[in-house]
Structures are given as structure tokens and as C-alpha cells.
Amino acid sequence: MLIGEVAQQSGISARMLRHYDRIGLVRPSGRTAGGYRDYSDDDLRRLFHVEGLRSLGLGLQEIAEVLDGDRFSPASLVEELIAATRERLEREQELLRRLSWVRASEPRAWSDVLRTIGMLRGLDSGDPRLRQRLALQLSVEGADAAALAEVLLEEPEANVAGTFDWVLAQTGDHSIDVLVTALSSDDAHRRRRAVAALTKISSPAATAALAEAHRHPDPQVRVPALLARGGLGQPDAVDGLVRLVVDGDHDVDAADVLGALATRHGHADRVVDALAAALTAADAPARRRLVAALADVPGPRVAEILTACTHDPDPGVAHTARYLLGRR
């Protein structure tokens, strides 16, 4: 088979085929009467072996050694290729991470890129104490806040992350978009770092952004979001907050927010309805928490519910109800 036919059928350029011939990797074993290269079936098999090994990442010299000698065993070669591929992927992931940080700063000139790289270089240190010290020394401009947020989302040390939270809180709302996007991440670590940062920023925009995640499947996101949403006076948080009381999950915080919804935001009827409904199906420990949650809720219906609870078979529930009635 002539070189043009091989190139056409294999997809390997004639130039590359000539290079293989020149370095002795795949030499056509025959010549036509006109002196053209003529590839035999064995030559073609070797050619496809070469291309297969190239697809695994081997260099041409390594391929020649594999095909012409016994320096490599298949198993050891595959192990070496796996190790090299992992190393390459780690380098590429690191590059992708740095590029994401720089992109988040929305650079408009190369000077912006260099400034952001300078800020991030120290924050990428392997020493958490150094990262924390550098974070405390930062004077972060608005454009760099998003890049710093990307660093925060990957920070493994809680103390260092807390410092980043504080620094971000000083920059206002510039990092909110990055943090909100992280709430939808498949990575639980990123989601929880984002929640902590939005809570620390605590501006109206940050609180509203967190509150939008009140139906999130991850309770580490959903619970703070429910508390934030209730704190904003949104009545659709009531049922979720009552569930927190029933489950004993941040029940004291949830009860405080329910009290605020009832007294400051005018949703007392909805709060009472939800607590009363939950009392009918709750076990004794949950009933104690639900009765306690009625402490700051106004209205005559609450007194009726508490009076009924003084006859509860659980002494703890009855005692709590009597105490709250005495306070009213």
C-alpha cells in the first residue's frame, strides 16, 4: 500500500509517516518498481501499534523501545502511564483553579491580572498560619473580593476560613455572586464555606441570597437559609422552622425566629397554627420544645393551647406549659 493510501485510510498525515520512516519507527518494507514506499500488512500492524501507544501518552522513543525490545512490561508500563497522567491532571487542575480565581476578579488589563496573582500567590501557601497572616494583612479591592471568595471556598482549615470570612465581610457585597453559585455546588465543603461567608457578611443582599436556599437538600445549607428567611419576615419559612423545633435541630434559634415572625412581622396566626398542628403528632421531647416555642407568641389562642398542655401526660410538657401561663 502506497503512502498516500495509508495516509487516507489511517488518518495519519503523509508528513508524519515520512517522519516515522526517517527515525526508523515504521519503515515500509517494500518499494514499488517506481521507487515509492510500499507498506506491507506487517508494516501497517506496526503503524497501528505505534498510534495506539501514542494515544496512551508515550513518546516516540519510548514506543520504539516497547516495540523493539523488552525494557517495558505491559503492566509496569500501564502503571507508569497512570502515574504520569495523574500528575498531569493535578497540574492542569491547579492551573484551572488559578485561572478561575483570576477570572473571578474580572480583570480589564494585564495589570489587574498581575495584581490578583500577587494577592493569591501567598494565599496559596501550604502553611495555614501564613495564609491566615497574609489574609489579615490584605487590603482587598472590590474587584478582588470574588477571587478571594474562590480561595475561601477551597480553604481546608476552619480558622483560616474564618479569617477569610472576616476579610470578605469588609468588602461589602462584591463576593456574593461567587458565594451564591457555590451553594449549588456538588462539593459539600464549598457549599458550607459559602453559607458561613454569607452569614458573616450579613448585609441585606447577602442575607436575602442565603434565604433563597431555604429548600436546599443539604441541611447544612437549608437550616441557616430557613433562619435567614424567617429573620426577613417571610411567612413561608414558618413550616420549616417548626420542623426544626420538632426535630431538635437548632430548635432554640428556630423558636426565636418564630417569635419574631409572630411579634414583629404580623404572622402570629400562621405561627400558632403550625405549632398547634405539630403538637398533635409529636412525641414528648418534641412537645416540650414546641410548647417552649410558644413563649414569645402573642394572642389568646396561645393561652388556650398552653392551658390544654398543662394536662399533658408528660410532666415536662405540663410543667413548661404552667410556667409559661404564669408568665403571661
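Below are the figures for this structure:
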quantity: Distribution of pairwise C-alpha distances over the range 144-190, 10 Å bins, in %; calculated: 29, 60, 11
quantity: Calculated [θ] (222 nm, deg cm²/dmol) that DSSP helices of n ≥ 4 give over the chain, each run adding -39,500 (n - 2.57); calculated: -22500 deg cm²/dmol
quantity: Charge dipole magnitude, Cβ of K and R +1, D and E -1 - the chain, Cα centre, debye nearest 20; calculated: 540 debye
quantity: The range 1-91: trypsin sites (Lys or Arg not before Pro) falling in loop per DSSP and having at most 16 other Cβ within 10 Å; calculated: ARG71
quantity: Long-range amide H partners of LEU2 with built H, under 5 Å; calculated: TYR39
quantity: Top positive-direction residue, dipole computed over the range 213-328 with Cβ charges, set LEU290, LEU325, VAL272; calculated: LEU325
quantity: Net length gained if the chain between ASP249 and SER100 were fully extended (0.36 nm per residue, minus Cα distance); calculated: 50.0 nm
quantity: Area projected by the alpha carbon convex hull of the range 170-328, averaged over all directions, nm²; calculated: 9.7 nm²
quantity: Difference of contour (0.36 nm per residue) and Cα-Cα distance, ALA7 to ARG328; calculated: 106.3 nm
quantity: For the chain, built as a Gaussian network whose Cα springs stay under 10 Å, the top-fluctuating residue of THR307, THR199, THR280; calculated: THR280
quantity: Spin-label pair SER29/ALA75, simplified geometry with 7 Å Cα→Cβ offset, distance in nm; calculated: 3.2 nm
quantity: Residues ARG129 and GLU212, FRET efficiency given R0 of 51 Å [Cβ-Cβ distance, rounded to 0.05]; calculated: 0.90
quantity: Length added when fully stretched, PHE48-ASN159, from 0.36 nm per residue minus Cα-Cα; calculated: 34.4 nm
quantity: Distance between modelled label sites at ILE82 and ASP273, nm, 7 Å Cα→Cβ extension; calculated: 6.0 nm
quantity: For the range 3-72, Kirkwood radius (reciprocal of mean inverse C-alpha pair distance, Å); calculated: 12.5 Å
quantity: Label of the coordinate-derived value, Rg/Rh (Cα atoms, Kirkwood Rh), listed as (i) 1.00; (ii) 1.30; (iii) 0.98; calculated: (ii)
quantity: Neighbour-count order for LEU152, LEU130, LEU77, fewest beta carbons within 10 angstrom listed first; calculated: LEU130, LEU77, LEU152
quantity: Label point distance in nm, THR263-ALA308, each placed 7 Å from Cα along Cα→Cβ; calculated: 2.4 nm
quantity: Cα-based helix-to-principal-axis angle, 142-154 vs the chain, degrees rounded to 10; calculated: 90 degrees
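Where a number appears in this text, it was derived from the coordinates with a stated rule and is not lab data. This one's a predicted model, so the numbers in the text were calculated from it and none came from an experiment. Virtual Cβ from ideal backbone geometry, glycine too; neighbours counted across all protein chains shown.
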